[in-house]
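As structure tokens, the structure follows; a few thoughts come after it.
The values are calculated or read from the model by the stated rules, or taken from the named source; none is laboratory data. Here the structure is a predicted model, which means the values were calculated and not measured. Here Cβ is always computed from backbone atoms with ideal geometry, including for glycine, and neighbour counts include all displayed protein chains. In case anyone asks, the SASA skips ligands and DNA or RNA and just uses the protein heavy atoms, side chains included. Shrake-Rupley method; radii C 1.70, N 1.55, O 1.52, S 1.80 Å.
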Amino acid sequence: MIRVTFVSADGISHQVEAEEGLRLLEVAQNDGQPLEGTCEGQMACSTCHVIVDPEHFARLPRAAEEEEDMLDLAVGAVRTSRLACQILLTPELDGLVVRMPAGHRDMQGR
């Protein structure tokens, strides 16, 4: 099992355990995190934007150009921003910490 800590925009932490091979978006949605994931992992939106803890960011594979393009549209994107749909949980990511951005844009423009 891979441990993941979600930190809400107001600083509340919640840790879950997930199976290796799952996408972070699926784990987050199953945990009730506020990630829409409208495009269902097709990198056609930025509604699953998360901010990865800098310590763990270096453990992730480099983002594809398409993901970086989508992150340009994400509200509050920073250097360690990623799309949760593109993070595949591996043993190297055990202990992963991700923050929910303070703002977001869903597909209804909210």
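Quick notes on this structure:
- For the range 1-28, the tally of residues that are touching an Asp or Glu at 6+ places or on another chain (Cβ under 9 Å), open to solvent by 70 Å² or more (accessible area, probe 1.4 Å) and farther than 13 Å from Leu93 by Cα stands at 1.
- Taken together, Leu83, Leu71, Leu88 contain a single residue that is touching a strand residue (DSSP E or B) at 6+ places or on another chain (Cβ under 7 Å) and more than 27 Å from Met1 (Cβ to Cβ), which is Leu71.
Residues checked against (1) over 12 Å from the mean Cα position of the chain (by Cα); (2) modelled with pLDDT under 95; (3) closer than 21 Å to Ser8 by Cα:
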{"site": "Phe57", "(1), (2), (3)": "no, no, yes"}
{"site": "Leu73", "(1), (2), (3)": "yes, yes, yes"}
{"site": "Arg82", "(1), (2), (3)": "no, no, yes"}
{"site": "Ile87", "(1), (2), (3)": "no, no, yes"}
{"site": "Thr90", "(1), (2), (3)": "yes, no, no"}
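- The number of residues in the range 86-102 being in a loop (DSSP other than H, G, I, E, B) and of a type in the set (A, V, I, L, M) comes to 4.
- Failed condition for Gln33, given (1) surrounded by 15 or more Cβ atoms within 10 Å (Cβ to Cβ); (2) modelled with pLDDT of 95 or more: (2)
- Once the range 36-85 is narrowed to residues that are in contact with a His (Cβ under 8 Å, 6 or more places away or on another chain), open to solvent by less than 40 Å² (accessible area, probe 1.4 Å) and assigned to a loop (DSSP other than H, G, I, E, B), the residue that is nearest to Arg23 (Cα to Cα) is Thr47.
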